[in-house]
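Peer 1: First the structure, then my questions, so here it is.
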Protein chains: 2
Amino acid sequence: MESWSIPHLDIDILVKNIFKVDLQKGDLLELKHEQTYLASIDHGLVGEFFDFAKDYEICASLFTPGTVIPYKKIDKHLKNENMRYEALTDTSIFVIPRKNNELASFSSEMDILIDRIYDFFISYSRELALLRTVLSAEYYIEFFILIYCTSNCSVIEKNFITVDLLSRVTGCTRQYANKVVYRLEVEGVVIKKVGKIYILNKDILLQRIDKDLFKRYYKPCCITA
Amino acid sequence: MESWSIPHLDIDILVKNIFKVDLQKGDLLELKHEQTYLASIDHGLVGEFFDFAKDYEICASLFTPGTVIPYKKIDKHLKNENMRYEALTDTSIFVIPRKNNELASFSSEMDILIDRIYDFFISYSRELALLRTVLSAEYYIEFFILIYCTSNCSVIEKNFITVDLLSRVTGCTRQYANKVVYRLEVEGVVIKKVGKIYILNKDILLQRIDKDLFKRYYKPCCITA
C-alpha cells in the first residue's frame, strides 16, 4: 500500500483520542461500526468467526499484533449477526474512535483510508477462503502454517499456531489437523512445544508450496490478517 | 438494498452512454476498472474465475441475467492477474462506462452506489466461500443447486445448472458432482435434460437445507451473483 499522508496536527488529535481495550481469552470485541475507524492489535490474538448454523463455524481471519481491523461504515444488509470478533488469548487493543468533533476536519480522508484497508482485508480473506476450496486440507494446512508463522511483523519474535486454530481456520477436524502436524514434526518441518507449533525448517515448506501462492498471500503484517 | 435516487436527467445521460458487448462462449469480458461503472448481464452467463496455480482453479461467482458486475476503482495491489470474467455461454452485456464528461456531475453518487454494490458482492462471495469450507461437498452442492436454481429473477424462466459448473463452483471433481446429482435424480429432487439440471421438487431441498442459510444466501437476483 502506498504511503498516505495525514497532516501532523490531525495525527496529534487522532493519537489523543485513542483508547485501549483489554480482553481476556474468550471475550468478544464489540465495537460499533458507526463509532469506530479501526482497532489495532497491540498484543494478543483476535479471530473473526462466522457461525453459519449449529456446528458450522469457521475462523475467517486472524488478527495478530500490529494488524488492523477496519470498521467501514456499512449498510445494515451487510451485517452478519453470526459474525464475531473473539480474543483467542489475553489481548490488548488500541481503538481509533470515529465519533469525535475534533476529527471531523479530516474524516473523509480517514474514511478513504479505512475503505482501502477494508478492501484489501476483504479481498485477501475472500481469496484465502477460495484457495481453501481448491487446495486439499493437507496442502492448505502446510500453506497456512507457512504464511502465518513467517509473518515479518517486528512486534512478534516468533509466531506459533495451535492444532485447535489450524482446525478452526481450515474447517477440518482437530484429529485431522493433529495428524498433519504430527507428520510435519516427524519430517522436521515444525516443532511442538507445550501445544505451540513453531516452524523449524522453513525451506522445506517453501519448496513444497507453490511460489506464486506464497508470494501473493504471504502475510502482509501491519496491514491486516 | 434501500432505494437510491439518481435525478431523471442523469439517468437519461447514463442510458444514452450505455453500450453493449456480445461475447461467445469462452470469450473473456475485459473491461477496464477506470473506464467502467458496471456491467449488467442481459442474457447468458458470466463466471468469475480464480486461477491460483496450475490445476488450482475455482469459479468464485456466477453472474446471471439481471445481475450486475461492479467495477470499483481499485488499487493496483488489489488486482489479481489470475482472475478473469469468462462467458460460459453466448452472452450479451450492457456496460455503463465511467469516463464520460457528461456524467461528471453525478460521478460521486455513482461511485458511492458502485461501492455499495461491490461491498455487497464481495461480502456475499466471501461468505459463500467460507460456507463451502464448513459444509461437506455433498451438502454444499445441494445448497448451491437450491440458491442458484430458485433465483426469482423474472428474466429467467427456469434456471438450470450443469455438472461441469457444479464441480467448478464447489471445487470437487466432475465425477463427484455427477454422483451427487445422480442420487438427487433418483430421489426425484432434480431432473436432468440434455445435460441441464433443473429442480423438480424444491420442497425436499428446503427441508434438507438449514433455513437460516437459505434465507441469508438465497440468490438476490438483480443485485449480484
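Peer 1: For the stretch A:20-28, state whether one or more residues are more than 17 Å from residue A:88 (Cβ to Cβ) and modelled with pLDDT of 95 or more.
Peer 2: Yes, some residue in the stretch A:20-28 is more than 17 Å from residue A:88 (Cβ to Cβ) and modelled with pLDDT of 95 or more.
Peer 1: I want to confirm something. Restricting to the stretch B:130-140 and keeping residues that are under 18 Å from residue B:48 (Cβ atoms) and out of contact with any strand residue (DSSP E or B) (no Cβ under 7 Å at 6 or more places or on another chain), which single residue is surrounded by the most Cβ atoms within 10 Å (Cβ to Cβ)?
Peer 2: Going through the qualifying residues, I end up with B:132.
Peer 1: Which of the following residues is crowded, with 17+ Cβ neighbours inside 10 Å, modelled with pLDDT under 90 and not in a loop (DSSP other than H, G, I, E, B): B:143, B:120, B:214?
Peer 2: Criteria check complete, one pass: B:120.
Peer 1: Sticking with this one: Out of the stretch B:159-199, which residues are closer than 19 Å to residue B:128 by Cα and touching a residue at least 60 places away in the same chain (Cβ under 8 Å)?
Peer 2: Result: B:165, B:168, B:169, B:171.
Peer 1: If you don't mind, another one. Could you list, in sequence order, all residues of the stretch A:112-129 that are among the hydroxyl-bearing types (Ser, Thr, Tyr) and more than 7 Å from chain B (Cβ to nearest Cβ)?
Peer 2: Listed by number, the residues that qualify are A:118, A:124.
Peer 1: Being more than 27 Å from residue A:130 (Cα to Cα) and either at pLDDT 95 or above or of a type outside the set (Asp, Glu) (or both) narrows it down to one residue among B:100, B:82; which is it?
Peer 2: B:100
Peer 1: Within the stretch A:130-139, is even one residue modelled with pLDDT under 90, basic (Lys, Arg) and under 29 Å from residue A:72 (Cβ atoms)?
Peer 2: Checked the stretch A:130-139: no residue is modelled with pLDDT under 90, basic (Lys, Arg) and under 29 Å from residue A:72 (Cβ atoms).
Peer 1: Something else: When the stretch B:173-200 is examined, which residues are found to be small (Gly, Ala, Ser) and assigned to a helix (DSSP H, G or I)?
Peer 2: B:177
Peer 1: Starting from the stretch B:130-151, take each residue that is facing chain A (nearest Cβ under 10 Å) and list its partners that are outside any loop (DSSP other than H, G, I, E, B) and polar (S, T, N, Q), counting only C-beta distances under 7 angstrom and pairs at least six apart or across chains.
Peer 2: B:132/A:133; B:132/B:170; B:133/A:133; B:137/B:170; B:140/B:170
Peer 1: Looking only at the stretch B:20-47, which residues are in contact (Cβ under 8 Å) with a residue 40 or more places away in the chain and either within 14 Å of chain A (Cβ to nearest Cβ) or under 19 Å from residue B:111 (Cα atoms) (or both)?
Peer 2: Passing the criteria: B:31, B:33, B:34, B:35, B:36, B:37, B:38, B:39, B:40, B:47.
Peer 1: Is it true that residue B:193 is surrounded by fewer than 14 Cβ atoms within 10 Å (Cβ to Cβ), within 29 Å of residue A:80 (Cβ to Cβ) and of a type outside the set (Asp, Glu)?
Peer 2: So residue B:193 does not fit the description; no.
Peer 1: Would you pick out the residues in the stretch B:14-55 that are more than 16 Å from the chain's Cα centre (by Cα), part of a strand (DSSP E or B) and closer than 18 Å to residue B:73 by Cβ?
Peer 2: B:36, B:37
The values are calculated or read from the model by the stated rules, or taken from the named source; none is laboratory data. Computed from a prediction, not measured in an experiment: that's the story for all the values here. In this analysis, Cβ positions are derived from the backbone assuming ideal geometry, glycine residues included, and neighbour counts consider all displayed protein chains.
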